[in-house]
Amino acid sequence: MQLELTPVYAGKRGMPRTFILNGDQWALEGNILKWDDWLNFAGLHTMYKLTRVRGRYESYLDEGNQTPSVYSLVEREDDPRWRWLYKYGHRLRFVSAVYGNTVYTYPSEKYTYEIYVTTSGFIARVREE
């Protein structure tokens, strides 16, 4: 399958990238830093970093036996800031959780998906035309 990913940050469209993926579904992975609820209510939004796009097989047997396809979306996968947050974020005041998150769905020639970051992680919604 072919996936075109166009990042949009603060309303500005980035450069589209095209990925050839093996599998039944596409998946987008990243890191999530969730603040305590009251900080979110006060306007501090969930922090995130998109890290990978990959193909995903429905069957766990296929995941182990078929050819994987994984692409990095970052220059450095060993980001020391996120590594530190994973190790010590739970000790920080006002941090609710730090974790990895993946959103995946079936490819579609009919629909375009928009990925959003919510207070609990990534979600995929069909874009209304």
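What order do you get for F122, F19, F94 when you list them from fewest to most C-beta neighbours inside 10 Å?
Placing the least packed residue first, the sequence is F94, F19, F122.
Using only the Cα atoms, work out Rg/Rh for region 2-126, with Rh taken as the Kirkwood radius, to two decimals.
A ratio of 0.99.
Within the chain, what is the longest stretch that has no trypsin sites (Lys or Arg not before Pro) placed in a DSSP loop and near at most 16 other beta-carbon atoms within 10 Å?
1-75
Under a plain spin-label model, where a point goes 7 Å from the Cα along Cα-to-Cβ, how far apart in nm are V70 and R93?
3.8 nm
Coordinate-derived values only; no laboratory data. Keep in mind it's a predicted model, so treat the numbers as computed, not measured. Don't worry about glycine lacking a Cβ; one is built from the backbone with ideal geometry, like all the others, and counts go over all protein chains shown.
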